[in-house]
Amino acid sequence: MNHIKSILIGIWRMMQGMYISMLNFIRPKVTEQYPENRGKVFPHERMRGQLVMPHNENNEHKCTACGICQMNCPNGTIQVISKKELDEETGKEKKILDRYIYDLGSCTYCSLCVESCPQDAIEWTNEFEHATFTRPKLYNKLNKEGSTLMKKEKKN
Amino acid sequence: MFHFEVVTNWIDEFLRTYLSEGWALFIEFVLIGVAILAVYAVLALILIYVERKVCAFFQCRIGPNRVGPFGLIQSVADMIKILIKELIRIDRADPRLFRLAAFLVIIASICTFGAIPFDKGLQAVDFNIGVFYLLAVSSLGVVGILLAGWSSNNKYTMIGAMRSGAQLISYELSCGLALMTMVMLSGTMQLSEIVEQQSYAWNIFRGGIPALIAFVVYLIAGHAETNRGPFDLPEAESELTAGYHTEYSGIQFGFFYLAEYLNMFIIAAIASTLFLGGWMPLHIPGWESFNQIMDYIPPVLWFFGKTFFCVFLALWVRWTMPRLRIDQLLNLEWKILMPICLVNIVLMALWIIYV
Ligand code: SF4
Ligand code: SF4
């Protein structure tokens with residue numbers, strides 16, 4: 001009796017499984033036809049395409065060259081190269097950002113750098129067409145030429 | 001109803017008016033051989049394409065879509081690729097058996113293919129023991145598989161071949177018993193006769209519950225005989241790389257591949273011939289106008305429609321179920337399918353006597 005019962009249960013389970021796979025069969029497919037729809041914007045905010053350092057209209061960024069992102073990067077992808085400069089207001093020497101080098105070729109997109117930045121100076125964009133023919137093209141300098149540190153708004 | 005018989009008869013008469021009987025027959029044999037090989041190859045290409053598309057859809061993908069519109073020429077491109085591949089000589093393999101194995105597998109499948117009635121008069125061999133012939137010839141393939149596993153001098157192929165032997169020989173039983181049930185119902189083994197008999201009700205309707213059970217059992221057992229998915233132990237790629245055809249390359253591998261797909265088609269074709277009426281359109285006794293409309297659809301289309309329906313069922317199961325373990329596989333056959341089949345034969349006898 002148990003034998004027959006288990007057979008019937010087996011048949012019922014099998015029909016359940018086939019029902020599920022049929023649902024998948026008729027579900028509309030979401031695959032993107034990539035080279036054909038080039039230029040279409042993929043609206044995925046969370047996608048990590050490329051690391052950028054946003055600059056405002058006065059060519060100012062928020063990076064204080066603290067180097068925390070460089071220390072947190074497991075792959076040595078980021079190099080924060082700073083320089084010393086005399087601050088006119090206080091007359092003291094101050095560390096400012098010279099070059100922020102990001103090697104796209106060794107980044108694993110773990111986002112530890114973005115999470116750990118205390119100034120929220122770097123972020124991700126959706127740009128994903130990274131293929132190049134030579135490796136040096138993958139070394140990106142993220143701060144723009146002649147950019148400076150954004151002045152903190154005074155808290156009232 | 002247009003039958004292909006007209007064309008074949010016309011060719012026959014045409015040849016006989018110009019040639020002596022012997023030459024006419026000879027030319028007909030050659031023509032039939034070429035036609036069977038051509039249809040075999042084309043069907044294999046179509047099936048490979050269908051399989052890849054259906055499998056993709058079950059996995060929420062799109063499948064081949066680059067070569068030609070909707071990837072239609074994909075399998076043709078694959079065929080060309082496989083034809084120009086090198087045949088690798090296996091070190092310390094048994095070269096003669098190694099080469100023979102691939103041919104055995106494909107010859108068994110072509111021989112079975114020849115006996116399938118595509119339409120009235122579109123059937124290469126029509127014995128009065130047709131069902132018996134189908135079973136006998138299709139089981140020849142297992143010899144090829146065993147040889148392939150043995151001669152490749154490789155443990156994976158050996159294990160694959162042994163599994164395949166155990167599996168095919170066991171499932172042959174319930175396969176044969178399920179077909180036997182239908183032979184009981186029809187009272188003949190000749191395939192053309194069996195199809196003729198179903199002109200007013202397909203066997204699956206005529207035979208009632210026993211026929212339905214036999215149909216399901218046949219589909220399961222036949223599916224197991226083709227060595228495909230949930231029953232693909234002989235070539236379980238996660239355990240045995242590719243099972244019995246691991247060492248094959250180029251067109252020899254292509255033979256195994258073709259035979260696998262065509263066996264799927266053959267199983268589906270036998271199922272549709274014996275249970276779903278073969279090329280017979282759907283006729284309902286008494287509904288004359290409905291029957292007339294159904295007759296407008298050519299029988300070849302009916303045949304292929306039913307067969308591809310069965311193929312789709314096989315693919316559906318394949319992409320739903322996980323692979324069985326070898327003991328589960330044999331349990332399924334010996335403890336479940338076989339007893340069901342034996343009881344079913346008695347049921348069918350009662351059905352024939354009392355209904
Ligand atoms: S990006 Fe952020 S963490 Fe990295 S150096 Fe600049 S401020 Fe520091
Ligand atoms: S995402 Fe990870 S690997 Fe890439 S730069 Fe940031 S910390 Fe380094």
Here are some residues: A:Gly76, A:Gly105. Which one is more than 14 Å from every other protein chain (Cβ to nearest Cβ), open to solvent by 30 Å² or more (accessible area, probe 1.4 Å) and assigned to a helix (DSSP H, G or I)?
-> A:Gly105
If you scan the range B:284-341, which residues turn out to be out of contact with any helix residue (DSSP H, G or I) (no Cβ under 9 Å at 6 or more places or on another chain), in contact (Cβ under 8 Å) with a residue 60 or more places away in the chain and within 14 Å of chain A (Cβ to nearest Cβ)?
-> B:Pro322
For the range B:278-311, how many residues meet the condition of being within 24 Å of B:Ile266 (Cα to Cα), touching a Ser or Thr at 6+ places or on another chain (Cβ under 7 Å) and not in a helix (DSSP H, G or I)?
-> 2
Based on what the data block shows, is A:Asn58 within 14 Å of chain B (Cβ to nearest Cβ) and polar (S, T, N, Q)?
-> no
Can you tell which of B:Tyr248, B:Tyr200 is farther than 21 Å from B:Ala178 by Cα, open to solvent by 10 Å² or more (accessible area, probe 1.4 Å), at pLDDT 80 or above and not in a helix (DSSP H, G or I)?
-> B:Tyr248
Only one of B:Ile88, B:Ile82, B:Ile107 is open to solvent by 70 Å² or more (accessible area, probe 1.4 Å), aliphatic (A, V, I, L, M) and in a helix (DSSP H, G or I); which?
-> B:Ile107
Test result for B:Arg96, surrounded by fewer than 21 Cβ atoms within 10 Å (Cβ to Cβ) and part of a loop (DSSP other than H, G, I, E, B) | no
Candidates A:Thr134, A:Thr125, A:Thr148, filtered to the one that is of a type outside the set (A, V, I, L, M), more than 13 Å from ligand 1 (Cβ to nearest atom), surrounded by 12 or more Cβ atoms within 10 Å (Cβ to Cβ) and farther than 24 Å from A:Met47 by Cα = A:Thr148
If you check B:Val137 against the conditions, is it farther than 26 Å from B:Phe29 by Cα, without any contact (Cβ under 8 Å) to a residue 60 or more places away in the chain and part of a helix (DSSP H, G or I)?
-> no
Among the residues of the range A:116-146, how many are without any contact (Cβ under 8 Å) to a residue 24 or more places away in the chain and over 17 Å from A:His61 (Cα atoms)?
-> 7
Across the range B:1-12, what is the total count of residues that are open to solvent by 70 Å² or more (accessible area, probe 1.4 Å) and not hydrophobic (A, V, I, L, M, F, W, C)?
-> 1
Among the residues of the range A:46-68, which ones are more than 13 Å from ligand 1 (Cβ to nearest atom) and open to solvent by 60 Å² or more (accessible area, probe 1.4 Å)?
-> A:Arg46, A:Met47, A:Arg48, A:Glu57, A:Asn58
Taking the range B:13-67 as the search range and keeping residues that are part of a loop (DSSP other than H, G, I, E, B) and of a type in the set (D, E, K, R), which one is most open to solvent (accessible area, probe 1.4 Å)?
-> B:Arg66
Index of the failed condition, A:Glu93 passing every other in (1) away from ligand 2 (no atom under 15 Å from the Cβ); (2) open to solvent by less than 70 Å² (accessible area, probe 1.4 Å) = (2)
Please determine, by comparing only the residues of the range A:23-45 that are part of a helix (DSSP H, G or I) and at the interface with chain B (Cβ under 7 Å from one of its Cβ atoms), which one is surrounded by the fewest Cβ atoms within 10 Å (Cβ to Cβ).
-> A:Asn24
Do we have any residue at all in the range B:258-280 that's crowded, with 16+ Cβ neighbours inside 10 Å, more than 14 Å from chain A (Cβ to nearest Cβ), over 17 Å from the mean Cα position of the chain (by Cα) and hydrophobic (A, V, I, L, M, F, W, C)?
-> yes
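The values are calculated or read from the model by the stated rules, or taken from the named source; none is laboratory data. Owing to the predicted nature of the structure, the values given are computational and were not obtained by experimental measurement. Cβ atoms come from the backbone with ideal geometry, glycine included; neighbour counts cover every protein chain shown. Accessible surface areas use protein heavy atoms only, side chains included; no ligands, DNA or RNA. Shrake-Rupley method; radii C 1.70, N 1.55, O 1.52, S 1.80 Å.
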